[in-house]
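Novice: Dropping the structure in here first, questions after.
The values are calculated or read from the model by the stated rules, or taken from the named source; none is laboratory data. Predicted model only: the values in this text are computed from it and were never measured. All Cβ positions, glycine included, derive from the backbone under ideal geometry; neighbour counts span all protein chains shown. Each accessible area value is taken on the protein alone, full model and side chains, heavy atoms only, with ligands, DNA and RNA left out. Shrake-Rupley method; radii C 1.70, N 1.55, O 1.52, S 1.80 Å.
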Amino acid sequence: MVEIPFLRYLFNAKAVGLSIVGNDLIVSKVWKRGHGASYESLRLSNFLVRHPAEFEPLVQPLINFSKSIILSWPRSKTVVRETDLPNLKIEEFKESLAFQLDTFLPFKPEDVYYDVFPSRYEGKATKVFIAGAKKEELDAVLERLKALGLSPSCVIFTPLALLSLTESAPGGVAYINKENGYYHYSLYVDGFLHKTLLLPGYDDIPSLLEADRPGQIRTLGADAMPSDSQNQSPRKITCLEETTESVGAGVFTPEAALYSFSLTGARKKILDIQVALCIILSLLLVTLSFVVPYLDENRKAGKMENIGHEIASLKDKVKGVQILQSQLAAQETTLGKLEAFTANYVSNSDVLLELTKILHDDAWMTRYRFEHGHLTIEGVAPSATSLIPLLEASPLFESVALSSPVVKTREGKERFKITLSVSKPVQ
């Protein structure tokens, strides 16, 4: 059993973390204790190619260990897109995303599991990651886990599992690992996921490290970084065990994140018995802290004369009426301002729905920014100039123009950046 001293937890709890390394399944039993945790890990070799029944004797002790089972899906099997969402709630964006998913992910909605995860909140703008995994690949693994009685209560992906084990560090923390022939690079700044990239080789990683300049570099597995690169790097490099991802999955608490994330949409709320007892005890102490002073005040108030009670009651009623009048006037003023504001308001959902209607199936967006009535979209289409009249024909859009030169891609399509103004049509 290995101790993890740098984790942050309030209550004792247990969970099972799962991760996939090649064809192997790593299973970690995690005990969360106060501000730390400990774990035990088990490796099921060739789990993806052998019959699940072969592993039943090994996983039998895990069946009743905890109902909180979290699977970390490999980053190499996850498509991730990044976008900014000013003035739009995560739930609203996910609802609108269902209508134009193919503009962000190269899948049909019926062929993919997906969810969104915020990096951080900066004022009114929210930076989010859209993550998607093929249903066919993920379902195959879920069926094998179900046969062993290890059905996940939540499915995340590698960067979120590593986020659970990451503390703030000057310059941020970078994770590098090699999986399924790809290199995975993730950067965490101030305890938030800042970027996550999947690279075909190691050649791009030195330039990323030079640009990001993280204070710490952590690698998963001995072959994540060439030995000569480790010797040349001036930064602190820590090589972690391959079990780290499964431990991070067990540590991950969906309800504690900025947004309750799960690729499959299943987020079973598991309440550990120790957590429940701590919550009940805390509520009891809070209740007593209010009840005891209240009873004492009532005992003292009972000794006062009736005339004093009547005078105090009349004064309170007069003050209450004055306060209500003041609140009513303030609400009437606020209501007038809201009516004036909403007369010309166009929501992000309306803009996204209008773009979905206008853009053809062969055109898709890579970046979207809408703020203060101005919209900027970037993407790829067979002909960028053909999009201008389509957008101008919309009653919502005006002053449509290309804001940067059109660039041809290798596939013969055109990469564009278009700016336009958004206003509500006159009724």
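Novice: Return only the number of the condition from (1) under 19 Å from Leu353 (Cβ atoms); (2) modelled with pLDDT of 85 or more; (3) aromatic (Phe, Trp, Tyr) that Phe93 does not satisfy.
Specialist: Just one mismatch for Phe93, condition (2).
Novice: Continuing with this model, one more query. Go through (1) in contact with a strand residue (DSSP E or B) (Cβ under 9 Å, 6 or more places away or on another chain); (2) of a type outside the set (Lys, Arg); (3) over 30 Å from Val380 (Cα atoms) for Ala140 and report which single condition fails.
Specialist: (1)
Novice: If Glu91 satisfies every condition in (1) open to solvent by 50 Å² or more (accessible area, probe 1.4 Å); (2) in contact (Cβ under 8 Å) with a residue 60 or more places away in the chain; (3) part of a helix (DSSP H, G or I) but one, which is the exception?
Specialist: The single condition Glu91 does not satisfy is (2).
The rows are residues; the columns are (1) of a type in the set (S, T, N, Q); (2) touching a Phe, Trp or Tyr at 6+ places or on another chain (Cβ under 8 Å); (3) farther than 30 Å from Ala301 by Cα.
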position: Asp316; (1), (2), (3): no, no, no
position: Gly336; (1), (2), (3): no, no, yes
position: Asp361; (1), (2), (3): no, no, yes
position: Glu371; (1), (2), (3): no, no, yes
position: Leu375; (1), (2), (3): no, yes, yes
position: Leu387; (1), (2), (3): no, yes, yes
position: Phe397; (1), (2), (3): no, no, yes
position: Leu402; (1), (2), (3): no, yes, yes
position: Pro425; (1), (2), (3): no, no, yes
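Novice: Tell me, please, whether a residue that is over 28 Å from the mean Cα position of the chain (by Cα) and of a type in the set (Phe, Trp, Tyr) can be found in segment 386-408.
Specialist: Within segment 386-408, the first condition is being over 28 Å from the mean Cα position of the chain (by Cα), and the residues that meet it are 386-408.
Subset that is of a type in the set (Phe, Trp, Tyr): 397.
Yes: one or more hits.
Novice: List the number of the failed condition for Val128; all other conditions in (1) over 17 Å from the mean Cα position of the chain (by Cα); (2) more than 29 Å from Gln60 (Cβ to Cβ); (3) at pLDDT 85 or above; (4) not aromatic (Phe, Trp, Tyr) hold.
Specialist: The number of the failed condition is (1).
Novice: Can you run down the residue pairs with Cβ atoms below 7 Å, 6 or more apart or on separate chains, where the first is in segment 364-379 and within 15 Å of Ile130 (Cβ to Cβ) and open to solvent by 50 Å² or more (accessible area, probe 1.4 Å) and the partner is outside any strand (DSSP E or B) and not aliphatic (A, V, I, L, M)?
Specialist: Cβ pairs passing all conditions: Trp364/Asp102; Trp364/Thr103.
Novice: Going through Ser41, Ser68, Ser19 one at a time, which residue ends up being polar (S, T, N, Q), under 23 Å from Cys154 (Cβ atoms) and modelled with pLDDT under 90?
Specialist: Values: Ser41 fails: modelled with pLDDT under 90; Ser19 fails: modelled with pLDDT under 90.
Just one listed residue meets the conditions, Ser68.
Novice: Could you go through segment 46-65 and let me know if any residue there is part of a strand (DSSP E or B), of a type outside the set (Ser, Thr, Tyr) and open to solvent by less than 10 Å² (accessible area, probe 1.4 Å).
Specialist: Let us first name the residues in segment 46-65 that are part of a strand (DSSP E or B), namely none.
Checked against the condition, which is being part of a strand (DSSP E or B), of a type outside the set (Ser, Thr, Tyr) and open to solvent by less than 10 Å² (accessible area, probe 1.4 Å), segment 46-65 yields no hits at all.
Novice: Looking only at helices (runs of 4 or more DSSP H) that fall completely inside segment 138-244, which ones have 1 or more residues that are at pLDDT 90 or above and surrounded by fewer than 21 Cβ atoms within 10 Å (Cβ to Cβ)?
Specialist: Numbers: elements: 158-163, 205-212, 227-232.
Qualifying helices (runs of 4 or more DSSP H): 205-212.
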